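S.K.: Take this structure first; my questions come after.
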Amino acid sequence: MALTDDAPTKTKLVWESSDSSIAMVSSSGKITGKSLGRCTIKVYAYDEPLIYSEITVLVVPQATKVLIYCDDNDVTGSTLSYD
């Protein structure tokens, strides 16, 4: 979600999750997944609630294992990382 350049800069934004058991959203708009599922995150102007934007968030399982297959090319000295 993005505000355009012509949006008021002093307008208080309100963030809401349609299901906070799936994803929570902070007052600054940071979304945190809580459990698997789908919900909607909505942001609107406090003084103009009809001005809003929303997105659908899908919380999926975190990867626990990553397999990397290499062909015959030499990968000696290569570094692979996973965060």
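The values are calculated or read from the model by the stated rules, or taken from the named source; none is laboratory data. This is a predicted model, so every value here is computed, not measured. Here Cβ is always computed from backbone atoms with ideal geometry, including for glycine, and neighbour counts include all displayed protein chains. Accessible surface areas use protein heavy atoms only, side chains included; no ligands, DNA or RNA. Shrake-Rupley method; radii C 1.70, N 1.55, O 1.52, S 1.80 Å.
S.K.: Provide the net charge surrounding residue 61, with neighbours chosen by a C-beta distance below 14 Å and charges set as Lys +1, Arg +1, Asp -1, Glu -1.
M.R.: Every neighbour counted, the sum reads +3.
S.K.: Continuing with the same structure: How large is the accessible surface per residue of the stretch 28-70, computed with a 1.4 Å probe and reported in Å² as a whole number?
M.R.: 83 Å²
S.K.: Of 59, 66, which has the most accessible area and how do the rest follow, probe 1.4 Å?
M.R.: 66, 59
S.K.: Rank these residues by their accessible area, most exposed first, probe 1.4 Å: 52, 44.
M.R.: 52, 44
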